[in-house]
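The values are calculated or read from the model by the stated rules, or taken from the named source; none is laboratory data. Since we're looking at a predicted model, the values are computed, not measured. A quick note on method: Cβ atoms are made from the backbone with ideal geometry, for glycine too, and the neighbour counts reach across all protein chains shown.
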Amino acid sequence: MNARILIADDTPASLSLLSNLLEPLGHEILAVSDGRSAINLVHRAKPDLVLLDVMMPGNDGFSVCRALKADPETADIPVIFITSRQETGDIVRGFRLGAVDYILKPFHAEEVVTRVTTHLKLSRVTRELRQRNTELEEEIFRRQEAEQARDKAAARLTKIAADEAKRWGVGGFVGSSAHLKRMLDDIRKLHQFGKTSVLITGESGTGKELVARAIHHQSPRATGPFIPVNCVAIPGELAESLFFGHMKGAFTGATSDRKGFLELADGGTLFLDEIGDMPSTLQGKLLRVLEDGEVTPVGSNKPRQVDVRVVSATNADLPDKMAAGDFRQDLFFRLARFTVETPPLRERREDIPLLSAHFLDVFATEMGMAAPSVLPEALEVLRSYPFPGNIRELKNVMERALILSGGKPVSAHHLQLFQSHTPPAQTTVRATVSTEPLPLNLDAAEQELIQRALETTGGNVAEAARLLGVNRSRIYRRFPQEKP
């Protein structure tokens, strides 16, 4: 270990002897013969260690050591006194001033080398530990800041979600279409089943979280907490801590015990949005909790009992994800004990006038004005638009329309629609078995159309779903016997 060593001694023989002992070890030697020069050179050269004679002209060794230890730039440089004086008082005084060791004259070569080498190693280790502690403190501070930011963000998201549910009215559903009624019937069936896990499927923007809230608030768990979690936003390295909690000291930055989402939802509902994007490492652990009803925080070996109902949602095709190995089949069956499908807005166009008026009323109330009407020409534009963003997109369109109209009746030119979006391809299913016209009843027509698609594809549900432009779950719901 090569180092820079400053020797301050007014005796040329001592300087020569010490230099001859230490230079062959690969150390760089700086030599001075008085205290003032020693102080100046230490500040310029920043040596790794100082060998300091007690008795020198001008500033003696004690005053030099005091000056070095008083300056933050040189305070950490180890100082070893060298002296022929063996008085206990001098030795104690040297240690009190901050020296790390004493070497008595006449020198013993082996002793000098051993002490110098030892203190150079100790100094290096001390610097490394100090640097590591600084890095750990910074990491802890960053983690604490991240936790505080996460808590604030979670509180904001919870408030936003609650405000949205309130904004959409009690129950939160507006419309009278057959598809909406069917979905509401499914939700009502869950009224007395407060433990059954539910999977909500549907495209983005169709109100899956609102459905989850309705399931929660009409269940026996209504007085318990509703904890929404977006699985897309969960970093993999924090997933286990976020879901199961952690104990103080479980990892760097764990400054206190913290409950996870599952414990926070105890007695209520945990809503897992975009469940298809849950990290694969977490899926098996979540399944174990759902089966056993026990949570073990990170850093603990004592499981805690939890009573949680899980409602999950996805806009992905989970059977496809399972086939690709991205989603566990056993977790799917545990989560999908009952399914609710949220229909896209293009399948409930008759609800667009009611929804448009509802959103205008909500936003007008917020802005302190009377809700305007929607002119027939504007309604016709809205009915003909495919709304790839579904209800969420209609809501945004009506908010902009209210601002542009200034509270006057909304006409077609107030509607800013994203024309770059094109409606889903309408694939005509050519019946190979039946050429009968479709029934005029919408429900019966859907049943017949799915049947023809299955006949066309030879019973291939995935291909039939692709032809019809719907999820597989839509077909399984109509034809349960087709489930794999």
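Could you pull out every one of the helices (runs of 4 or more DSSP H) wholly within the stretch 304-400 that has 1 or more residues that are in contact (Cβ under 8 Å) with a residue 12 or more places away in the chain and more than 29 Å from Leu270 (Cα to Cα)?
352-367, 376-384
What single numbered condition from (1) surrounded by fewer than 22 Cβ atoms within 10 Å (Cβ to Cβ); (2) not in a loop (DSSP other than H, G, I, E, B) fails to hold for Ala214?
Ala214 satisfies all of (1) surrounded by fewer than 22 Cβ atoms within 10 Å (Cβ to Cβ); (2) not in a loop (DSSP other than H, G, I, E, B) except (1).
Please verify whether the stretch 14-27 includes one or more residues that are in a strand (DSSP E or B) and either at pLDDT 90 or above or touching a Lys or Arg at 6+ places or on another chain (Cβ under 9 Å) (or both).
For the stretch 14-27, residues in a strand (DSSP E or B) and either at pLDDT 90 or above or touching a Lys or Arg at 6+ places or on another chain (Cβ under 9 Å) (or both): absent.
If you go through the stretch 278-303, how many residues are under 23 Å from Gly253 (Cα atoms) and free of Cβ contacts under 8 Å to residues at least 40 places away in the same chain?
Of the residues in the stretch 278-303, 3 are under 23 Å from Gly253 (Cα atoms) and free of Cβ contacts under 8 Å to residues at least 40 places away in the same chain.
Filter the stretch 447-461 down to the residues that are farther than 12 Å from Arg474 by Cα and under 43 Å from the mean Cα position of the chain (by Cα), then identify the one that is surrounded by the fewest Cβ atoms within 10 Å (Cβ to Cβ).
Step by step, filter the stretch 447-461, then rank; the result is Gly459.
What are the residues in the stretch 227-265 that are of a type in the set (A, V, I, L, M) and within 10 Å of the chain's Cα centre (by Cα), if any?
Residues satisfying the conditions are Val232, Ala233, Ile234, Leu238, Ala239, Leu242.
I need the full set of residues from the stretch 401-413 which are assigned to a helix (DSSP H, G or I) and either touching a strand residue (DSSP E or B) at 6+ places or on another chain (Cβ under 9 Å) or on the phi > 0 side of the Ramachandran plot (or both), in order please.
Ala401, Leu402, Leu404
So that you can scan it fast, the table gives a plain yes or no per residue for (1) under 15 Å from Ala401 (Cα atoms); (2) in contact with a Pro (Cβ under 7 Å, 6 or more places away or on another chain):
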{"position": "Pro353", "(1), (2)": "yes, no"}
{"position": "Phe359", "(1), (2)": "yes, no"}
{"position": "Phe363", "(1), (2)": "yes, no"}
{"position": "Met369", "(1), (2)": "yes, no"}
{"position": "Leu379", "(1), (2)": "yes, yes"}
{"position": "Arg383", "(1), (2)": "no, no"}
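Across the stretch 466-476, what is the total count of residues that are closer than 18 Å to Thr201 by Cα, in contact (Cβ under 8 Å) with a residue 24 or more places away in the chain and crowded, with 17+ Cβ neighbours inside 10 Å?
Residues that pass the stated criteria total 6.
Looking at this structure, is Val308 modelled with pLDDT under 90 and of a type in the set (Val, Ile, Thr)?
no
Could you grab me the full set of residues in the stretch 206-263 that are β-branched (Val, Ile, Thr), in contact with a strand residue (DSSP E or B) (Cβ under 6 Å, 6 or more places away or on another chain) and within 26 Å of His179 (Cα to Cα)?
Within the stretch 206-263, Val211, Ile215 meet the criteria.
Among the residues of the stretch 55-63, are any modelled with pLDDT of 90 or more and under 53 Å from the mean Cα position of the chain (by Cα)?
no
Being closer than 17 Å to Ala265 by Cβ and assigned to a helix (DSSP H, G or I) is the filter here, so list the residues in the stretch 183-210 that pass it.
Glu209
Picking from Leu417, Leu467, which residue would you name as being at pLDDT 75 or above, in a loop (DSSP other than H, G, I, E, B) and not charged (D, E, K, R)?
Sole residue among the options that is at pLDDT 75 or above, in a loop (DSSP other than H, G, I, E, B) and not charged (D, E, K, R): Leu417.
I'm trying to understand the selection: among the residues of the stretch 14-35, which are over 16 Å from Pro47 (Cβ atoms) and surrounded by fewer than 17 Cβ atoms within 10 Å (Cβ to Cβ)?
Ser16, Asn20, Pro24
Taking Ala45 as the residue in question, decide whether it is closer than 18 Å to Val116 by Cα, small (Gly, Ala, Ser) and under 52 Å from the mean Cα position of the chain (by Cα).
Criteria not met by Ala45.
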